[in-house]
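Asker: Quick one: structure below, then a few questions.
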Amino acid sequence: MLDCYDIIVIGGGAAATSAVLTAKNRGKSIAVITNGEETSSLFKAERITNYPGLPPMSGSEMTVLFRRQIEENADVVIRGRALNVLPMDESFGVAVGNDFYQCRSLIIAAGITREKLYPGESEYLGRGVSYCATCDGMLYRGKTVAVIGNGHEAEEDAAFLESIGCRVIRLRENGRYEIKGGVKANCVLFRGEEFAVDGVFIIKDTVSVTRLVPGLSYENGGIVTERDMSTSVPGVFAAGDCTGKPYQLAKAVGEGNIAALSACDYLSRVSALA
Ligand SMILES: Cc1cc2nc3c(=O)[nH]c(=O)nc-3n(C[C@H](O)[C@H](O)[C@H](O)COP(=O)(O)OP(=O)(O)OC[C@H]3O[C@@H](n4cnc5c(N)ncnc54)[C@H](O)[C@@H]3O)c2cc1C
């Protein structure tokens, strides 16, 4: 039987940290699903001088502080990329690679998730294009696959695919690829050069929030939220850069706090009705 957490937080930046601290104070069980700290916007900031209570410091230093607080306060921290959210009767399932986690409410604190789709990516998804080597790798044993991605996860997946007997072509994510084929994808095209493949694994750092949760309203570059950070999907809250401008640390932290308080209220209401 799967553990069902009170709250799953997707993201590991400022908004997520704030949400975790507040939910923990309210006695909730919390799982955090997050990519590595280097993927946070904050990590790239040279010097933060407008955050109350802390002396000026680099974004990477501050990211380390936030991550430590998440580790110390969440019940579990799952390092990986949340691929999709499945709303169930009174809970949500979140897929991370081959694993599945369950919660009663969800906070999306995924930062800015600009996702450029390659031509052919959507068309061949499930027909030769996959986002998950652990899930689909075995289908390509003894065959040739391309792994498109830059990060640690892409390298891990490429190594995994080799270990199960795939021939792997590694392609960095920032190229201009086109995925072509017939019934199934069979070729990656790059600046006139064709790579013949049986499958294509696309391993990006993020999954666009527009694809993460079915039914989530999205407008002007952000998830649509009410003042209590609730979204168009009951039980799902959002905080930080993923709700839109301004992209600022203090705003992300404030929204994370409100999202956690609202998730706690939601859980009380749902429990009262049960
Ligand atoms: C160069 C630069 C300088 C900046 N300077 C300042 C400044 O001086 N002052 C200021 O106030 N703000 C500054 N900002 C903005 C600030 O960094 C952001 O507003 C803040 O980091 C937003 O926090 P967040 O938690 O919403 O998102 P993030 O910090 O981006 O964290 C989101 C995390 O969620 C992870 N994630 C996303 N999707 C998934 C998924 N599907 N599964 C698992 N994990 C996922 C991401 O990989 C990332 O680690 C700066 C930003 C940049 C880029």
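Asker: Quickly run through region 236-274 and pick out the residues that are in a helix (DSSP H, G or I), open to solvent by less than 10 Å² (accessible area, probe 1.4 Å) and more than 8 Å from the ligand (Cβ to nearest atom).
Answerer: Scanning region 236-274 gives ALA259, ALA260, ALA263, CYS264, LEU267.
Asker: Taking LEU216 and the conditions (1) touching a helix residue (DSSP H, G or I) at 6+ places or on another chain (Cβ under 7 Å); (2) within 17 Å of GLY13 (Cα to Cα), which numbered condition does it fall short on, given that it satisfies the others?
Answerer: (2)
Asker: Moving to a separate point now. Every residue in region 93-114 that is assigned to a loop (DSSP other than H, G, I, E, B), at negative phi and either surrounded by 16 or more Cβ atoms within 10 Å (Cβ to Cβ) or touching a helix residue (DSSP H, G or I) at 6+ places or on another chain (Cβ under 8 Å) (or both), please.
Answerer: Start the filter on region 93-114 by keeping residues that are assigned to a loop (DSSP other than H, G, I, E, B), which leaves 97-98, 109-114.
Add one more test, that the residue is at negative phi, and what stays is 98, 109-110, 112-114.
Correct list: ASN98, ALA109, ALA110, ILE112, THR113.
Asker: Take the residues of region 77-92 that are more than 22 Å from GLY151 (Cα to Cα) and open to solvent by less than 40 Å² (accessible area, probe 1.4 Å): which is farthest from the chain's Cα centre (by Cα)?
Answerer: Initially, region 77-92 is screened for residues more than 22 Å from GLY151 (Cα to Cα), giving 85-92.
Those left that are additionally open to solvent by less than 40 Å² (accessible area, probe 1.4 Å): 85, 91-92.
Numbers: VAL85: 10, SER91: 19, PHE92: 15 Å.
Residue satisfying both the conditions and the ranking: SER91.
Asker: Right, another one. Go through (1) more than 10 Å from the ligand (Cβ to nearest atom); (2) crowded, with 23+ Cβ neighbours inside 10 Å for ILE33 and report which single condition fails.
Answerer: Among (1) more than 10 Å from the ligand (Cβ to nearest atom); (2) crowded, with 23+ Cβ neighbours inside 10 Å, ILE33 violates only (1).
Asker: Determine which single condition SER230 fails, assuming it passes every other condition in (1) of a type outside the set (Val, Ile, Thr); (2) within 21 Å of VAL85 (Cα to Cα); (3) at pLDDT 95 or above; (4) within 18 Å of the chain's Cα centre (by Cα).
Answerer: Exception for SER230: condition (4).
Asker: Report yes if some residue within region 97-107 is within 11 Å of the ligand (Cβ to nearest atom) and free of Cβ contacts under 8 Å to residues at least 40 places away in the same chain; otherwise report no.
Answerer: Among the residues of region 97-107, at least one is within 11 Å of the ligand (Cβ to nearest atom) and free of Cβ contacts under 8 Å to residues at least 40 places away in the same chain, which makes the answer yes.
Asker: Counting only residues that are in contact (Cβ under 8 Å) with a residue 24 or more places away in the chain and assigned to a helix (DSSP H, G or I), which one in region 115-127 is most open to solvent (accessible area, probe 1.4 Å)?
Answerer: To start, the set of residues in region 115-127 that are in contact (Cβ under 8 Å) with a residue 24 or more places away in the chain comprises 115, 118-121, 123-124, 127.
Right, trim to assigned to a helix (DSSP H, G or I) and you get 121, 123-124.
Numbers: GLU121: 0, GLU123: 109, TYR124: 10 Å².
Result: GLU123.
Asker: Out of the residues in region 57-89 that are part of a loop (DSSP other than H, G, I, E, B) and without any contact (Cβ under 8 Å) to a residue 60 or more places away in the chain, which is farthest from the ligand (Cβ to nearest atom)? Break it down stepwise before answering.
Answerer: Of the residues in region 57-89, the ones part of a loop (DSSP other than H, G, I, E, B) are 58, 74-75, 80-81, 88-89.
Now narrow it down to the ones that are without any contact (Cβ under 8 Å) to a residue 60 or more places away in the chain: 58, 88-89.
On the way: SER58: 10, MET88: 19, ASP89: 23 Å.
Only one residue tops the list, namely ASP89.
Asker: Next question. I'd like to verify a number: residues in region 191-210 that are surrounded by 15 or more Cβ atoms within 10 Å (Cβ to Cβ), in contact with a Gly (Cβ under 9 Å, 6 or more places away or on another chain), more than 14 Å from ARG141 (Cα to Cα) and of a type outside the set (Ser, Thr, Tyr), how many?
Answerer: Within region 191-210, residues that are surrounded by 15 or more Cβ atoms within 10 Å (Cβ to Cβ), in contact with a Gly (Cβ under 9 Å, 6 or more places away or on another chain), more than 14 Å from ARG141 (Cα to Cα) and of a type outside the set (Ser, Thr, Tyr) number 5.
Asker: Follow-up question, since we're still on this one. Name the residues in region 12-30 that are near the ligand (Cβ under 9 Å from one of its atoms), open to solvent by less than 10 Å² (accessible area, probe 1.4 Å) and not in a helix (DSSP H, G or I), would you?
Answerer: GLY12
Asker: Let me ask something else. Within region 128-139, work out how many residues are in a loop (DSSP other than H, G, I, E, B) and either more than 13 Å from the ligand (Cβ to nearest atom) or charged (D, E, K, R) (or both).
Answerer: First, the residues of region 128-139 that are in a loop (DSSP other than H, G, I, E, B): 128, 131-132.
Among the residues that remain, those that are also either more than 13 Å from the ligand (Cβ to nearest atom) or charged (D, E, K, R) (or both) are: 128.
So the answer is 1.
The values are calculated or read from the model by the stated rules, or taken from the named source; none is laboratory data. Here the structure is a predicted model, which is why all the values come from computation and not from measurement. Methodologically, a virtual Cβ is constructed for each residue, glycine included, from the backbone with ideal geometry; neighbour enumeration extends over all protein chains shown. Only protein heavy atoms, including side chains, enter the accessible area calculation; ligands, DNA and RNA are left aside. Shrake-Rupley method; radii C 1.70, N 1.55, O 1.52, S 1.80 Å.
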